[in-house]
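For reference, the structure is listed below as structure tokens.
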Amino acid sequence: MALEPEKNFNPDMEFFVDMQRCIGCRACEAACAECETNGQETMIHVNYVDRAHSVQTTVQVCMHCEDPACANVCPADAIAKDSNGVVHSANTSRCIGCSNCVMACPFGVPKKMEAAELMMKCNLCYDRTSVGKKPMCATVCPSGALFYGTREEIRKMRPNSDPVNTFQFGAQTVHTKVNVMMPKGSTALRVH
Amino acid sequence: MAKLPITVDKIIEDFGPHEAYAPKQGFQGHAEPDKLVKTHCCFCGMQCGIQLKVKDDVVVGFEPWMEFPFNEGRMCPKGVVRYLQNNHPDRLLSPIERVEGEGFKPIDWETAMSRTVSEIKRIQSTYGNDAFAMLSGVSLTNELSYMVGKFARVALKTANIDYNGRLCMVSAGAGNKKAFGRDRASNSWADLKHAEVIMICGSNVSETFPTLIHYIWEARDNGAKLIVVDPRITPVARTADLYLPVRPGTDSALFGAMLNYLVENDLLDHDFIDNYTSGFEETISSVKDHTLEWAEGITGIPAASIRQAAEMWGRAKTSFMLHARGIEQHSKGVDNVLGCINLVLATGRIGKPYCGYNTITGQGNGQGGREHGHKCDQLPGNRDITNPEHRKYIASVWGIDEKDMPGKGLSAYELVEAIHRGEIKGLISICFNPIVSLPNNNMVREALEKLEFYVAIDFFLNETARHANIVMAGALHEEEEGTGTTAEGRVVKINAAVPPPGDARADAAILKELAARLGVGDKFAYRNSEDIFNELRVASKGSSVDYYGITYEKIEKNFGVFWPCPTLDHPGTPRLWEDKKFLTPDGKAHFNPAPYRLSAEPVDAEYPILLTTGRVVSQYLSGTQTRRLGRLNDSYPEPLLEIHPSLAQQYGIKEREIVKVMTRRGEAEFPAQIVTTIRQDTVFIPYHWGGRKSANQLTIGVLDPTSKMPEFKVCACKLVPTGVIAPPSKESLAYQSR
Ligand code: SF4
Ligand code: SF4
Ligand code: SF4
């Protein structure tokens with residue numbers, strides 16, 4: 001079931017994640033939590049890879065898969081992808097809090113908010129992107145680890161990287177709306 | 001004055017810090033604010049542009065300000081949640097007065113003002129004018145910095161006024177003045193993006209100035225090579241082409257060896273050195289014994305790495321030198337700064353596109369705050385208080401007789417020592433929390449307990465203000481109009497979004513009324529902040545820090561104006577020294593010998609480990625503001641002791657074991673965080689917390705002889721493991737759940 005997106009959503013704009021640049025500041029988390037629909041919960045998550053040996057952090061945001069596993073396994077049809085490819089947070093009136101989506105997502109994105117018995121995930125700041133603004137996290141990210149813009153812009157800005165949105169999970173290939181920046185020439189990321 | 005009127009726990013119950021996660025009235029008004037006010041972040045020296053959302057005269061949220069050219073909407077987490085302070089439950093909404101055994105009680109302004117003024121008069125008539133001192137801060141706007149300096153000299157008539165930039169910027173400032181005759185970063189940040197080599201010395205840029213990181217990453221996309229000098233592998237050091245893990249306190253040995261290498265291998269710009277500098281011969285002869293091997297022994301950096309750094313620096317065509325507190329907060333901070341400048345001058349890479357030398361100001365208005373005269377040795381326009389010409393000019397601007405202008409007073413730490421000795425009896429402070437931010441703070445606490453009268457102007461009851469007799473409820477950054485000057489020298493406009501809440505007052509209004517009651521109201525007859533700014537422009541006219549051509553209108557129109565800007569039709573100066581005319585007496589840039597010497601407290605058998613301090617991204621300075629913001633506390637809830645596994649093993653310290661850290665000044669306990677990202681001989685503690693968690697109980701109050709900056713960055717400590725494993729912090733719980 002596709003939602004009818006607002007007319008002002010710009011389909012040329014894409015989301016890019018560049019882990020190399022992440023400084024672990026958590027501005028993205030703080031900004032995401034500002035959204036009133038999130039009830040102060042952040043839908044983006046920053047983690048240390050191995051703090052004992054490095055200050056490298058990673059950032060996990062919903063990848064907005066072309067064929068979203070979370071939506072596919074939802075028994076209540078609460079998760080929907082719209083015609084712009086945005087996979088929306090569970091519809092509150094439908095979500096039964098079963099956590100199927102939490103287990104199905106290959107990127108570990110949806111979270112079950114225990115208090116609300118509800119699955120919540122990033123919906124690409126639909127309130128902002130649908131009116132032509134950029135998502136909050138990508139706007140504030142001080143390092144450019146998160147970027148929202150056109151493919152052309154990012155190619156110009158990051159001549160040594162290529163955006164990749166094909167992920168290989170064993171035999172399964174997942175295409176996503178969100179890109180990760182990889183060394184020049186990369187076309188896919190093999191996850192395991 | 002005696003101890004606290006009541007227990008610390010009761011004060012905290014009444015005045016916080018409590019944590020705010022959301023606006024008091026919920027997120028109402030978030031989506032449909034009455035207005036959006038363009039202004040700047042109230043924290044670090046980047047002064048990111050931001051828009052505040054206002055609903056019913058309360059700041060209810062923020063919206064990125066995409067058009068502001070420096071940060072284009074980007075913010076760090078502090079900037080994102082700073083808006084929660086305006087309506088914070090801990091806000092002081094009226095003046096309060098100390099009541100023995102009960103704590104602090106609200107009083108009206110009349111009582112606060114008349115009691116303060118009568119105490120000032122009593123103390124000054126009994127002990128002399130200089131026995132009443134003032135401490136100020138550089139989170140204040142330019143207007144307030146200017147007004148405070150004038151207030152101290154004209155209304156209080158005291159020489160003893162100093163500011164918290166003494167803990168932050170003064171070594172860089174002193175070095176800049178010696179070498180160039182002007183104290184400002186040489187370039188706008190825009191130049192950084194195209195430099196071939198960037199060398200960052202003692203600056204955890206990613207955590208302390210996060211929005212600057214974007215420029216560094218962009219420079220790297222453009223092919224820049226990055227050299228980082230730091231005892232810790234910080235997020236910016238993690239990605240460096242060359243990381244130099246310097247032993248704390250030995251930076252000048254590194255810079256000396258690099259300079260010697262440049263000379264020996266003739267990686268010099270002879271044309272620049274010959275025509276535009278002086279002091280070269282004397283300086284290079286001071287480093288001729290500084291071999292790479294010698295420097296390796298002192299700094300702990302492999303000689304090959306030092307050679308590589310000198311090669312990278314020496315052979316580049318364009319370069320940027322950046323430094324911050326890591327090399328400045330030393331008893332030889334000025335020498336460290338001069339060591340960096342010598343490398344810049346030797347290669348002549350200044351006053352040209354993509355070549356620069358920038359010191360990064362830590363505090364929001366660290367740059368502007370050091371220009372307008374609330375330093376003990378300085379008058380507006382960075383003029384010298386001991387220079388007769390300078391005194392005469394400022395006296396004329398102020399409409400006073402030069403003879404009535406006090407002379408040079410004591411610097412911040414010395415001033416507190418004078419209180420401790422009983423020489424200073426009264427104190428007024430604004431926007432300074434010395435009990436957390438000064439070194440050796442057990443001495444600071446004892447000093448505060450000796451004051452006969454202490455009045456603080458602040459918006460929260462910070463740890464120092466708890467010792468006050470009266471606290472006047474002042475205003476936040478978003479409640480008062482003014483200007484600030486960013487680390488790149490850009491003067492920006494701070495716009496009031498809302499009036500101060502309750503009975504709180506704008507700081508300028510408080511100072512103005514005090515001045516009137518002290519009998520000099522005519523000297524402070526400003527109608528608004530623009531009046532103050534216009535006087536400041538005149539006061540700075542013709543100085544090394546010329547603001548005369550800057551107006552409020554011009555700032556707003558141009559997204560800020562870079563000083564110097566001497567005339568109204570002048571566009572401002574983003575890049576200094578393009579004309580190679582330096583402001584030193586001989587018009588040349590000066591090399592200065594900066595030989596290596598030991599830190600004040602070398603390690604020994606009893607105190608065998610180096611202790612260094614610094615910041616984390618979620619907190620700001622003494623934490624008065626940021627420790628009240630829940631989300632920031634959650635991401636780093638308590639100060640941790642960073643320690644290398646080999647040192648931890650030597651003492652049998654386990655992960656999160658509580659370790660007693662002892663120095664000759666005090667002791668405190670911190671959970672250990674065992675990481676390979678720090679030198680094996682050094683431990684690190686962030687300093688943003690007060691009381692039992694305060695790192696500054698341990699640090700040493702030895703000062704740089706020129707700048708009077710304390711040596712926060714190195715002292716000797718010993719570690720005693722307690723065998724107790726700290727419960728998981730909120731932070732590690734949060735990580736586990738993810
Ligand atoms: S796109 Fe919006 S909803 Fe999604 S993580 Fe970023 S801020 Fe949160
Ligand atoms: S805001 Fe950007 S740099 Fe900061 S943690 Fe998030 S992704 Fe990383
Ligand atoms: S603290 Fe500094 S980097 Fe962070 S938002 Fe404020 S001005 Fe920008």
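The values are calculated or read from the model by the stated rules, or taken from the named source; none is laboratory data. The shown structure was predicted, so the numbers you read here are calculated from the model rather than taken from an experiment. Don't worry about glycine lacking a Cβ; one is built from the backbone with ideal geometry, like all the others, and counts go over all protein chains shown.
Below, the figures for the structure above:
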quantity	calculated
Residue count for the range A:111-130, restricted to those that are within 13 Å of another protein chain (Cβ to nearest Cβ), modelled with pLDDT under 90 and part of a loop (DSSP other than H, G, I, E, B)	1
Filter result (surrounded by 20 or more Cβ atoms within 10 Å (Cβ to Cβ) and without any contact (Cβ under 8 Å) to a residue 60 or more places away in the chain) within the range B:255-283	B:257, B:260, B:261
Boolean, residue B:178 is of a type in the set (D, E, K, R), more than 15 Å from residue B:45 (Cα to Cα) and either surrounded by fewer than 22 Cβ atoms within 10 Å (Cβ to Cβ) or within 16 Å of ligand 2 (Cβ to nearest atom) (or both)	yes
Hey, residue B:651 closer than 30 Å to residue B:336 by Cα and in the same structural domain as residue B:709 (by TED's automatic domain parsing) or not	no
Tally, over the range B:374-399, of residues that are of a type in the set (Ser, Thr, Tyr) and more than 26 Å from the chain's Cα centre (by Cα)	2
Residues of the range A:13-53 satisfying the condition of being within 9 Å of ligand 2 (Cβ to nearest atom) and of a type in the set (D, E, K, R)	A:18, A:21, A:26, A:29
Helices (runs of 4 or more DSSP H) within the range B:200-239 that include 1 or more residues touching an Asp or Glu at 6+ places or on another chain (Cβ under 6 Å)	B:235-238
Some residue of the range A:68-80 being closer than 24 Å to residue A:140 by Cβ, within 16 Å of ligand 1 (Cβ to nearest atom), assigned to a loop (DSSP other than H, G, I, E, B) and of a type in the set (Val, Ile, Thr)	no
Residue in the range B:46-53 that is closer than 18 Å to residue B:459 by Cβ, away from ligand 2 (no atom under 16 Å from the Cβ) and modelled with pLDDT of 95 or more present	yes
Those residues of the range B:329-352 which are out of contact with any Phe, Trp or Tyr (no Cβ under 9 Å at 6 or more places or on another chain) and over 18 Å from residue B:290 (Cβ atoms), in sequence order	B:331, B:333, B:334
Test set (1) more than 30 Å from residue B:475 (Cα to Cα); (2) part of a loop (DSSP other than H, G, I, E, B); (3) within 14 Å of chain A (Cβ to nearest Cβ) - residue B:665 fails condition number	(3)
Failed item, numbered, when residue B:31 is tested on (1) within 14 Å of chain A (Cβ to nearest Cβ); (2) under 23 Å from the mean Cα position of the chain (by Cα)	(2)
Within the range B:213-233, considering residues that are in contact (Cβ under 8 Å) with a residue 40 or more places away in the chain and within 8 Å of chain A (Cβ to nearest Cβ), the one farthest from residue B:74 (Cα to Cα)	B:233
Enumeration of residues in the range A:131-153 that are within 15 Å of ligand 2 (Cβ to nearest atom) and outside any strand (DSSP E or B)	A:134, A:135, A:136, A:137, A:138, A:139, A:140, A:141, A:142, A:143, A:144, A:145
Residue list for the range A:24-62, restricted to those being under 18 Å from the mean Cα position of the chain (by Cα), among the aliphatic types (A, V, I, L, M) and outside any helix (DSSP H, G or I)	A:43, A:44, A:46, A:59, A:61
Of the criteria (1) closer than 30 Å to residue B:677 by Cβ; (2) loosely packed, with under 14 Cβ neighbours inside 10 Å; (3) away from chain B (no Cβ under 12 Å), which one residue A:61 fails	(2)
Filter result for residue B:535 (touching a Ser or Thr at 6+ places or on another chain (Cβ under 7 Å) and part of a helix (DSSP H, G or I))	no
Some residue of the range B:84-96 being within 16 Å of ligand 3 (Cβ to nearest atom), within 11 Å of chain A (Cβ to nearest Cβ), among the hydrophobic types (A, V, I, L, M, F, W, C) and buried (at least 18 other Cβ atoms within 10 Å of the Cβ)	yes
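Here is a yes/no grid of residues against (1) out of contact with any strand residue (DSSP E or B) (no Cβ under 9 Å at 6 or more places or on another chain); (2) in a loop (DSSP other than H, G, I, E, B):
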| residue | (1), (2) |
| --- | --- |
| B:461 | no, yes |
| B:487 | no, yes |
| B:496 | no, yes |
| B:499 | yes, yes |
| B:503 | no, yes |
| B:515 | yes, no |
| B:522 | yes, no |
| B:527 | yes, yes |
